[in-house]
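See below for the structure under consideration.
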Amino acid sequence: MITAISSVAALLLGAVAGYALFRYVLTGIYRRKIAEAKREAEVIKEKKLLEVKETFINRKAEFDKEAQQRKDKMQQAENRLKQREQSQNQRQDDLNKRTRELDKRVSELDRRNSELDTREQDLEKTHQALQLREGEIEKMRQQELQKLEELSGLSAEEAKTRLEETMKAEARTAAQIYKNEIMDEARISANKEAKKIVIKTIQRVATETAVENSVTVFHIDNDEVKGRIIGREGRNIRTLEAAAGVEIVVDDTPEAIVISAFDPVRREIARLALHQLISDGRIHPARIEEVVSKVKKQVEEEIIETGKRTAIDLGIHGLHPELIRIVGKMKYRSSYGQNLLQHARETANLCAVMAAELGLNAKRAKRAGLLHDIGKVPDEESELPHAEYGAKLAEMYKEKPDIVNAIAAHHDEVEMETLIAPIVQVCDAISGARPGARREIVEAYIKRLKDLENIATSYPGVNKSYAIQAGRELRVIVGADKISDEQIPVLSDDIARRIQEEMTYPGQVKITVIRETRAISYAK
């Protein structure tokens with residue numbers, strides 16, 4: 001029993017002790033949990049506070065920014081209002097100032113109007129007084145006229161008519177006498193003065209007799225150069241003839257080569273090209289074509305320089321650049337046995353001298369004399385006479401009407417309208433009427449060669465044509481991409497047939513059509 005009670009008591013004590021221990025343990029766990037929860041709560045609280053503070057700060061910054069923007073807008077609005085007020089005040093001040101000025105002007109105008117009214121009244125009174133005075137004078141004049149009519153026995157109209165008839169008769173008689181005296185004096189001295197002027201003009205201008213030439217002799221140092229010019233199987237000389245459009249005669253003449261062509265420009269290009277090729281030492285087809293191309297440009301520059309130098313020598317200014325080029329081309333042309341540029345210079349000087357003798361504008365006469373034959377060196381063929389074509393060119397390049405008329409009328413193809421025109425005509429005749437100056441045969445020969453070339457170039461596909469050997473051969477160069485080998489005989493026959501039908505020539509003309517294909521590449 002005591003054991004049982006002890007057991008129970010021990011059990012109870014163990015239970016109480018276990019409960020106490022369990023409670024103590026639970027209380028410690030609870031306290032730890034509570035402490036952890038408090039700490040977590042504090043952390044969460046601090047985070048939330050930080051978030052709230054950050055949100056507050058952001059909201060405050062946004063609010064401040066918005067408030068500042070509104071403040072700026074209000075400030076801008078206030079500034080605009082102030083500017084408007086200032087502008088309105090300024091406008092009001094300007095308006096007031098203008099109003100005061102207008103008031104002054106109105107008052108001034110009123111004062112002037114009153115003065116004008118006063119003057120108008122004074123003038124009206126003066127006008128009425130003048131009318132009364134004129135009436136009195138008219139009455140006095142009528143009374144005097146009546147007295148004169150009574151004394152003379154004639155009316156005023158009859159006296160006036162008789163006086164007019166008497167004056168007219170006397171004037172006619174005096175004018176007829178003066179006219180007869182002038183006509184008699186002019187008949188006596190006109191012929192003498194005209195001869196005197198022409199003789200003085202001719203004496204003051206020295207002229208030279210020019211000889212027409214259709215060949216150029218090119219001198220070389222030794223005959224070994226001839227072989228290099230001819231080249232292997234004649235390739236070099238054929239290339240030079242085709243590129244320059246001339247005929248080169250290499251014969252037994254010592255140290256000389258003959259360049260033949262009716263066009264002096266072609267002969268000059270061939271001569272200069274030969275000179276450069278021989279000086280350089282490289283003579284082959286490609287080099288020949290390159291040199292000829294460069295020489296053509298050099299000759300063109302020389303033409304322009306010659307035109308400028310001629311204008312400067314003659315004191316002629318303001319010529320159009322194209323007219324200067326045409327004047328320079330005259331150096332390589334001839335007309336009736338004369339060098340055309342020399343003829344134009346002589347004519348210009350003659351015109352200046354004759355115009356000065358007659359009291360006319362010497363500069364304009366000299367200008368017309370220089371340009372009178374520009375129609376003979378056209379860049380393209382024209383069916384118009386050279387005088388009319390030259391006038392057309394001069395008008396195109398803004399020359400004065402009197403210059404244009406002098407050019408057009410110097411062969412009487414149009415009517416002369418100014419005194420310069422007959423001067424140019426006379427001086428052209430003076431310059432041309434010299435020994436050896438009129439040589440129709442040479443002109444006809446050159447025209448025939450040009451016609452031969454024009455017939456060939458009129459066919460499609462023809463690039464170039466050259467009349468050589470005094471017109472006995474016509475070389476026609478065609479494009480390889482336009483005419484085939486089969487078409488070459490047909491083209492040659494067509495050209496020959498057309499030459500037979502349209503031209504007159506001695507002997508026969510050989511037509512040679514050349515078609516060449518080239519392939520060019522570059523090694524880089």
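The values are calculated or read from the model by the stated rules, or taken from the named source; none is laboratory data. These numbers come from a predicted model, not from an experiment. No Cβ is skipped: glycine too gets one built from the backbone with ideal geometry, and neighbour counts run over all protein chains shown. Remember, those area values only see protein heavy atoms, side chains included, never the ligands or the DNA or RNA. Shrake-Rupley method; radii C 1.70, N 1.55, O 1.52, S 1.80 Å.
Given a 1.4 angstrom probe, what's the average accessible area per residue across the chain, in square angstrom?
69 Å²
So what does residue 7 come to for accessible area, using a 1.4 Å probe and Å² rounded to 10?
For residue 7, the solvent-accessible surface is approximately 60 Å².
Using Cα atoms only, what is the angle between the long axis of helix 386-396 and the major principal axis of the chain, expressed in degrees (0 to 90) to the nearest 10?
Between helix and principal axis, roughly 30 degrees.
In units of 2.2 N^0.38 Å, what is the alpha-carbon radius of gyration of the range 76-120?
2.04
When the helix-only estimate is applied to the chain (DSSP H runs of n ≥ 4, each -39,500 (n - 2.57), divided by the residue count), what is the mean residue ellipticity at 222 nm, nearest 500 deg cm²/dmol?
Result for the chain, helices only: -25000 deg cm²/dmol.
Are any of the pairs 48/73; 329/450; 329/398 more than 26 Å apart by Cα-Cα distance, and if so, which? Write out the running numbers ahead of the final one.
Numbers: 48/73 36 Å; 329/450 17 Å; 329/398 20 Å.
The pairs that break the limit, which is 26 Å between Cα atoms, are 48/73.
Provide 358, 13 ordered by accessible surface of protein heavy atoms (probe 1.4 Å), highest first.
Descending order: 13, 358.
Need the full-extension length gain, residue 233 to residue 46, defined as separation in residues times 0.36 nm minus the C-alpha distance. One decimal, nm.
56.0 nm
Find the relative contact order for the range 345-418 and round it to a whole percent, using C-alpha pairs within less than 8 Å whose residues are 6+ positions apart.
24 percent
Kindly work out what percent of the DSSP beta bridges joining two residues of the chain are antiparallel, to the nearest 5.
For the chain, the DSSP antiparallel bridge percentage is about 75.
Taking the 0 to 90 degree range and rounding to the nearest ten, how far is the long axis of helix 340-357 tilted relative to the main principal axis of the chain, both from C-alpha atoms?
Compared with the principal axis, the helix lies near 70 degrees.
Largest first and to the nearest Å, give the Cα extent of the range 308-392 along each principal axis.
Per principal axis, max minus min of the Cα coordinates gives 38, 25, 23 Å.
Under a plain spin-label model, where a point goes 7 Å from the Cα along Cα-to-Cβ, how far apart in nm are residue 275 and residue 12?
15.7 nm
What order do 250, 478, 52 take when sorted by accessible area (1.4 Å probe), most exposed first?
52, 250, 478
In whole Å, how far is the Cα centre of the range 36-55 from that of the range 359-387?
Here the answer is 112 Å between Cα centres.
Any number yet on Rg/Rh for the range 234-341, C-alpha, Kirkwood?
Reported Rg/Rh (Cα atoms, Kirkwood Rh): 1.05.
What's the carbon and sulfur percent of the range 1-118's accessible surface, probe 1.4 angstrom, rounded to a whole number?
Numbers: 6580 of 11360 Å².
On the range 1-118, the fraction of accessible area on carbon and sulfur atoms equals 58 percent.
When N counts the residues of the chain, how does its alpha-carbon radius of gyration compare numerically with 2.2 N^0.38 Å, as a ratio? Walk me through the intermediate numbers first.
On the way: Rg = 57.1 Å, N = 524, 2.2 N^0.38 = 23.8 Å.
In units of the 2.2 N^0.38 Å rule of thumb, it is 2.40.
In degrees from 0 to 90, rounded to the nearest 10, what is the angle of the helix 235-244 Cα long axis to the longest principal axis of the chain?
Relative to the chain, helix 235-244 is tipped by roughly 80 degrees.
Given 4 °C and 1.567 mPa s, how large is the Stokes-Einstein diffusion coefficient of the range 268-309 in µm²/s, with Rh as the Kirkwood radius over Cα pairs?
121 µm²/s
Please work out whether the range 1-98 counts as rounded, prolate or oblate from its C-alpha gyration tensor, where a ≥ b ≥ c are the square roots of the eigenvalues and a/c under 1.5 means rounded, while otherwise a/b larger than b/c means prolate and anything else oblate?
Prolate, because a/c is 1.5 or more and a/b exceeds b/c.
To the nearest 10 square angstrom, what accessible area does residue 380 show with a 1.4 Å probe?
Residue 380 exposes around 120 Å² with every protein chain in place.
Excluding same-chain residues fewer than 8 positions from residue 168, which lysines have a Cα within less than 20 Å of its Cα?
Of all the lysines, those that pass the test against residue 168 - Cα under 20 Å, at least 8 places apart if same chain - are 160, 179.
Of 43, 249, which has the most accessible area with a 1.4 Å probe, and how do the rest follow in descending order?
43, 249
Residue 70 to residue 94: FRET efficiency via 1/(1 + (r/R0)^6), r the Cβ-Cβ distance, R0 45 Å, to the nearest 0.05?
With R0 = 45 Å, the Cβ-Cβ based efficiency is 0.80.
For residue 484, what accessible area in Å² do you get when you roll a 1.4 Å probe over the heavy atoms of the protein chains, rounding to the nearest 10?
40 Å²
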